[in-house]
1. Using the per-residue mean of other Cβ atoms lying within 10 Å as a proxy for protection, in what order, highest first, do the peptides 23-30, 52-59, 97-104, 171-178 fall?
2. Which pairs in the list Lys30/Lys113; Lys6/Lys113; Lys40/Lys106; Lys30/Lys145 are over 31 Å apart, alpha-carbon to alpha-carbon?
3. Where does each of 38-44, 150-156 land if you order them by average Cβ count within 10 Å, highest first?
4. ³J(HN,Hα) across region 151-156 via Karplus (A = 6.51, B = -1.76, C = 1.60, θ = phi - 60°), whole Hz, x for Gly/Pro?
5. I'd like the Karplus ³J(HN,Hα) series for region 54-61: coefficients 6.51, -1.76, 1.60, θ = phi - 60°, whole numbers in Hz, and an x wherever there's a Gly or Pro.
6. Using each residue's phi in region 159-171, evaluate 6.51 cos²θ - 1.76 cosθ + 1.60 at θ = phi - 60° and report the 3J(HN,Hα) Karplus result to the nearest Hz, with x for Gly and Pro.
Amino acid sequence: MDEQTKQVITNAMKQLSNEDPSIRIDGVRKLGEIGVDHPKIIERLESLASEDSSPDVRNAANNSLTLFQGFSIDDEIKNSQVTKESTLVDIGNESTTIELLQEQNKLLKSLRKIVLRGTDIVEEDEIYTTTTITDVNIPISSLTKLMLKWVIASIPVVILIWGIVAILSILLGGLLFKGF
């Protein structure tokens, strides 16, 4: 491990003790992204996942732990049936080519599982996430300001629509009453 990685880990571990949940979340994410599978890091993340006062920090810690406890790309490649010798086979042989493509597909599926484990996606076929808003807590003064801004913003639109209607009325009125 290089010195820069050690420094990032040290800073991230310090962030985990900060009072601000957003700073703790940042530290948790950094540790998850680095992916150093060290017992002290795992222990600290497990502690945050179960005991932190912020649900967002607990969720981020669980996501980082999932990355540590999930598949490893190296393990998938080691467990694969594809070897260096099999890739050196004459590509002219159609059955060998098909076998190599099948092995490649298996590796790609494994990689997809690894990527999906790091997200909130529950099933492999689910490629989108949903959000449910359970409550909107806006002070009445902020809501009033927002509504006033909407009203002011709509004034130019009303003037524009009124102008278009007036021009169309003049044109259509002139055509209709031209013969009288």
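Every number here is computed from the coordinates shown, using simple stated rules; none is lab data. Keep in mind the model is a prediction, meaning the values are calculated, not measured. Cβ: placed from backbone, ideal geometry, glycine included. Neighbour counts: every protein chain shown.
1. So the order, starting with the most tightly packed, is 23-30, 52-59, 97-104, 171-178.
2. Table pairs above 31 Å Cα-Cα are Lys40/Lys106; Lys30/Lys145.
3. 38-44, 150-156
4. My calculation for region 151-156 gives 5, 5, 5, 7, 4, x Hz in order.
5. The phi angles translate into 9, x, 5, 5, 4, 5, 5, 5 Hz.
6. Listing the rounded values in order: 4, 4, 5, 4, x, 5, 5, 5, 5, 5, 5, 5, 5 Hz.
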